[in-house]
Amino acid sequence: MFVPMELSRVLILDTSAEQFITLSEVGGERSFAIKIGLAEALAIERRLRGEPPARPQTHELIDSVLLVLGGELVKVVIHRLEKGTYFANLIVRRGDTLIEVDARPSDAIALSVARRLPIEVAEEVVEEAQELRPEIEPPIELGEDDDDE
């Protein structure tokens with residue numbers, strides 16, 4: 001079973017090489033963070049703002065290649081979590097055939113944002129991410145946890 005998710009947050013930290021994106025369950029309460037690189041975080045943020053890049057980045061190259069080869073990206077699926085690393089597939093339709101293409105989650109999510117396509121996460125991945133949450137949760141931003149005052 002797969003859980004519909006959506007990109008709910010891009011956290012870019014000037015003081016760290018690790019950046020974070022958060023996926024949240026559509027119509028639900030579960031969410032989890034994925035660590036990504038700075039270039040990938042900036043690319044996703046740029047896509048959300050609708051800003052075109054000066055030169056194509058990896059996910060834009062993938063998008064162009066798919067279109068030229070007659071493929072249509074249908075959705076993104078995050079299907080596995082192994083030792084803190086998420087694994088994703090692009091689901092591509094070419095004619096009557098669906099093709100699964102291995103992809104980094106950050107590139108897959110950037111493509112889904114650009115095309116406004118669904119992101120689905122395997123139920124077991126969502127459950128495992130909930131258990132690992134304290135280990136991979138992004139740091140609390142300044143002022144975000146000021147309710148105690």
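Restricted to the stretch 26-41, and to residues there that are assigned to a helix (DSSP H, G or I) and either of a type in the set (Lys, Arg) or crowded, with 16+ Cβ neighbours inside 10 Å (or both), the residue that is modelled with the highest pLDDT is 41.
If I filter the stretch 44-102 down to residues being more than 30 Å from residue 128 (Cα to Cα) and β-branched (Val, Ile, Thr), which single residue comes out as modelled with the highest pLDDT? Checked the stretch 44-102; the qualifying residue modelled with the highest pLDDT is 97.
Just checking, how many residues over the stretch 78-99 are without any contact (Cβ under 8 Å) to a residue 12 or more places away in the chain, assigned to a strand (DSSP E or B) and farther than 21 Å from residue 40 by Cβ? Summing the residues that are without any contact (Cβ under 8 Å) to a residue 12 or more places away in the chain, assigned to a strand (DSSP E or B) and farther than 21 Å from residue 40 by Cβ in the stretch 78-99 gives 1. Residue 106 satisfies every condition listed in (1) touching a strand residue (DSSP E or B) at 6+ places or on another chain (Cβ under 9 Å); (2) outside any loop (DSSP other than H, G, I, E, B); (3) farther than 26 Å from residue 1 by Cβ except (3). Residue check: is residue 47 surrounded by 17 or more Cβ atoms within 10 Å (Cβ to Cβ) and of a type in the set (Lys, Arg)? Against the criterion (surrounded by 17 or more Cβ atoms within 10 Å (Cβ to Cβ) and of a type in the set (Lys, Arg)), residue 47 qualifies. Going by what's in this entry, would residue 44 be described as touching a residue at least 60 places away in the same chain (Cβ under 8 Å) and either in contact with a strand residue (DSSP E or B) (Cβ under 7 Å, 6 or more places away or on another chain) or assigned to a helix (DSSP H, G or I) (or both)? For residue 44, the condition - touching a residue at least 60 places away in the same chain (Cβ under 8 Å) and either in contact with a strand residue (DSSP E or B) (Cβ under 7 Å, 6 or more places away or on another chain) or assigned to a helix (DSSP H, G or I) (or both) - is met. Within the stretch 24-41, identify whether any single residue is of a type in the set (D, E, K, R) and farther than 23 Å from residue 2 by Cα, and answer yes or no. Taking every residue of the stretch 24-41 in turn, at least one turns out to be of a type in the set (D, E, K, R) and farther than 23 Å from residue 2 by Cα.
The set of residues in the stretch 50-66 that are in a helix (DSSP H, G or I) and surrounded by 16 or more Cβ atoms within 10 Å (Cβ to Cβ) comprises 58, 59, 60, 62, 63, 66.
The set of residues in the stretch 100-123 that are surrounded by 14 or more Cβ atoms within 10 Å (Cβ to Cβ) and more than 11 Å from the chain's Cα centre (by Cα) comprises 101, 114, 115, 117, 122. Filtering the stretch 72-83 for residues that are under 19 Å from residue 101 (Cα atoms), out of contact with any helix residue (DSSP H, G or I) (no Cβ under 6 Å at 6 or more places or on another chain), surrounded by fewer than 20 Cβ atoms within 10 Å (Cβ to Cβ) and among the acidic types (Asp, Glu) leaves a non-empty set. The residues of the stretch 90-118 that are among the small types (Gly, Ala, Ser) and either touching a His at 6+ places or on another chain (Cβ under 9 Å) or over 19 Å from residue 10 (Cα atoms) (or both), listed by number, are 95, 103, 106, 108, 110, 114.
The values are calculated or read from the model by the stated rules, or taken from the named source; none is laboratory data. In this text the structure is predicted, and so the values were computed from the model without any measurement. Here Cβ is always computed from backbone atoms with ideal geometry, including for glycine, and neighbour counts include all displayed protein chains.
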